[in-house]
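Every number here is computed from the coordinates shown, using simple stated rules; none is lab data. Treat the numbers as computed from the prediction; the structure is a model and nothing was measured. No Cβ is skipped: glycine too gets one built from the backbone with ideal geometry, and neighbour counts run over all protein chains shown.
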Amino acid sequence: MALFLYRLGRLAARLRWWVVVVWVAVLCGVGFASTTASELPEDSGVMPGIEASDALGLMEQRFPGGAENATARIVFVADEGQRVTDAANRAVIERLVSEASRGEQVAAAVGPFQSRAVSKDGSTAYATVQYTASKNDLSVAAKEDLRGAVERARSAGLTVEVGGPVLADKPKVGGLSEVVGVMLAALVLLITFGSLVAAGLPLLTAILGVGISMLTILSVGEAFGLSTTSSTLAIMLGLAVGIDYALFVVSRYREERGKGHPAQEAAGLAVGTAGSAVVVAGLTVVITLAGLTLVGIPTAARMGLSAAGAVVVAVLIALTLVPALLAFFPDAVLARRVRRPAVPSEGTKDNAGTRWARFVRRRPVVVLLASVAGLVVLAVPVASLQLGMPGDEAKSTETTERRAYDALAKGFGPGFNGPLTIVVDARGAGDPRTAVKTIAGRIDATPGVVAVSPPRFNPARDTALFTATPSTAPTSEKTKDLVQHIRDGRSATQAGTGAAFLVSGTTAVDIDVAQKVPGALIPYLGVVLGLAFLLLLVIFRSLLVPLKAVFGFLLSVLASLGAVVAVFQWGWAADLIGLQQTGPIISMMPIVLVGIIFGLAMDYEVFLVSRMREAHTHGESAGDAVVTGFRHSARVVVAAALIMMAVFAGFVGADLAMIKMIGFSLTAAVLFDAFVVRMALVPAFLALLGERAWTLPRWLDRLLPRLDLEGEALTRRHHGIAAPVGTVVPTAGRRTG
């Protein structure tokens, strides 16, 4: 592989103009294709194989054209000392309902005095506006009609809020925080390389890769059912790995130039060595993310495939466009002190990485125990992990949906915002109306249910819907117990009616998803750990190094999940990240996090340990190889980790709860994995093992394929070619490709 990539890097450097033209053409092509694409929708959160989804499917089948139509709930709150039933307030409410009923795409508008939707104390009431289109198909005029009617009612002195998706603002994904993150990444690159060109090149290629990925997702999004969440994860990972992969290639190029190789040769060697690590790391990320399609969660699958596509683009750009651009600026990417002849190479003298590695070699037991103990303490909150899905209660209080949610919870009880939808299939009943009435009455008598709505039948009169309002909040454990109790008593509830019922609704969907995810997480984690072991076994040809990597990865995952629980569930330091409401951890987040962290952890493991093994295969002792690996890689790995943290932290400011949580968790994961596991636990472990770390049974060594990640074939090919260390061959007046 190293020889193939070496030739690819040289070819890209020689045909640099053609490489640039091809990538620009790809960008223009997907950009043109995206101009006719529809806007990506939000995730529905529905997954197959759960009762709530089966019920939704039955609703769509028996209530054609009406199950997915948008609904707006207009909430009215009277001023202190007044009631919504007062004459003046009542007139304002009735006028608003009348205006709303005449809006575009409105099927019906039902006022609170018609449906008796007034709280017992008279402080709160709500009206329901039903539309003839889904939330994604509502016209701008329909939204403006409702917004205008609400504003006129507010100007009359009544507090009016709107719940539901009709007037909800599209969640903010991009913003100032993301820009700050990219600027911090640029600063890290500038400090690392000491060259504006070297710092700008990874940023330029990463942004180009993200642009291609995003435009491609927009182009095929409708065909593959992609969503805003999946596209945001693609941006997040594409930007982070795009910068990092280019960083590793540029860094190795500078190292090869420091050894005296001309520009084109150095580009080929950089792609053949660092590029090999990029391919392995990128392939690992892609396989892991694509593996999310096997867990049975459509949203996670879409996120994984979108992000995997962005990583593929980042790898291809690192292997082709980066060496092509290096050929355009062969000397400008070098630090000024390295451009002068007879200056020692960057990688031969002691640096902070060397000093740290020697410190760890002297105290491996202390460093190892401290690292493990610290990560275990951080992982303790995982024992309290509670899964769920946040709704309007997790939004900012500046949104009308959140204010409507709070007003309804205060006026009608905490369970009002999470009603259970009961779907009754009465095809087998002799008298469907009586059967539905019997089931509704029995559910109404269930402890924990405060109200049951009148049933609504489909046109065929063989299926009915009604809602059961719990006494507790949607995310409460008591609500989950209530849903389970209703389902467990299904036989008794529908006995003698000839009908059958299913429990659905947003609350039931969230509960079902939260219960299914742990069952998928354990097998997926097992597959990921097994893949990590096998992959590293082939790469490093050692049994103990892969075991150490798997152990460290597991600690990274648990520690980052513990940090998420502490912040998002317990509320520690929630104000610092603008978290409006604590609550359960988003159900899909742990399984998505496992896949992403695995890929990122393998990045650092491959880039750092491969340099150690390279030194060991070239004759150094196991202890000296650790120091050499840190001398060459520590600075670059630290820079890569800081860049990833800056990029991921930029997404903590997103409005989407899923993106905010993933941004925070990935920032924590990179911090723990790069600076605790890879920079402390790994060298301490290898120092303790000594030569045993690199042993492998002969029979197993013969069975395993050889990837030549360290570029041994390249070393043999170039034996004796390099100029003396510290000499840089000038390129002025030289043909470089």
R0 = 35 Å: FRET efficiency of N351 with F551, Cβ-based, nearest 0.05? 0.80
Extension gain from R456 to L544, taking 0.36 nm per residue of separation minus the Cα-Cα distance: 25.3 nm
Using a Förster distance of 51 Å, the FRET efficiency for S621-T582 (Cβ separation, nearest 0.05): 0.50
For a label point 7 Å from the Cα of D701 along Cα→C-beta, name the residues of region 536-574 whose backbone N is under 20 Å from it. 536-548
Using a Förster radius of 25 Å, what is the FRET efficiency between E144 and A91 based on their Cβ-Cβ separation? Nearest 0.05, please. 0.60
Report the Cα centroid-to-centroid distance between region 422-461 and region 574-597 in angstrom, as an integer. 37
Which order do the peptides 623-635, 438-450 take when ranked by the mean count of other beta-carbon atoms within 10 Å per residue, highest first? 623-635, 438-450
Of I577, T667, A615, farthest towards positive along the dipole that unit charges on Lys, Arg, Asp, Glu beta carbons give the chain: A615
Which entries of K135/K395; K410/K478; K437/K478 show an alpha-carbon separation above 24 angstrom in the structure shown? K437/K478
Is the shape of region 505-593 best called rounded, prolate or oblate, per the rule: a/c under 1.5 gives rounded, else a/b larger than b/c gives prolate, else oblate, with a ≥ b ≥ c the square roots of the Cα gyration tensor eigenvalues? oblate
Using the number of other C-beta atoms within 10 angstrom as an exposure proxy, rank D86, D331, D392 with the fewest first. D86, D331, D392
Relative to the longest principal axis of the chain, what angle (0 to 90°, nearest 10) does the C-alpha long axis of helix 506-540 take? 10
Rounded to the nearest 20 Debye, what is the dipole magnitude of region 419-504 about its Cα centre when Lys and Arg each give +1 and Asp and Glu each give -1 at the C-beta? 140
What percent do you get for the relative contact order of the chain when only Cα pairs under 8 Å and 6+ apart count? 21
For the ranges 103-114, 289-300, what's the packing order if you count other beta-carbon atoms within 10 Å of each residue, average per peptide, and put the highest first? 289-300, 103-114
Work out how much length I522 to L283 would gain on full extension: take 0.36 nm times their residue separation and subtract the Cα-Cα distance, in nm to one decimal. 83.8 nm
By the mean-Cβ-within-10 Å protection proxy, highest first, 468-480, 604-616, 563-575, 485-497 rank as 604-616, 468-480, 563-575, 485-497
Give me the percent of DSSP beta bridges within the chain that run antiparallel, rounded to the nearest 5. 95
As I understand it, the dipole of the chain uses +1 on the Cβ of Lys and Arg and -1 on the Cβ of Asp and Glu, about the Cα centre. Which of W356, N89, A407 lies farthest toward its positive end? W356
Extension gain (nm, one decimal) between D488 and S115, 0.36 nm per residue minus Cα-Cα: 131.1 nm
Dividing the helical contributions, -39500 (n - 2.57) per DSSP H run of n ≥ 4, by the residues of the chain yields a 222 nm value, nearest 500 deg cm²/dmol, of -20000 deg cm²/dmol
For the chain, the longest principal axis of the Cα atoms and the Cα long axis of helix 352-362 enclose an angle in degrees, to the nearest 10, of 90
Round to a whole angstrom and tell me the spacing of the C-alpha centers of region 469-487 and region 212-281. 47
Region 497-588: relative contact order from alpha carbon pairs under 8 Å, six or more residues apart, as a whole percent, is 23
Taking the Cα atoms only, what angle lies between the long axis of helix 87-101 and the longest principal axis of the chain, rounded to 10 degrees? 60
Exposure proxy check: M389, M589, M303 ranked by fewest other beta carbons within 10 Å? M589, M389, M303
For the chain, the dipole about the Cα centre with charges only on Cβ (Lys and Arg +1, Asp and Glu -1), to the nearest 20 debye, works out at 2460
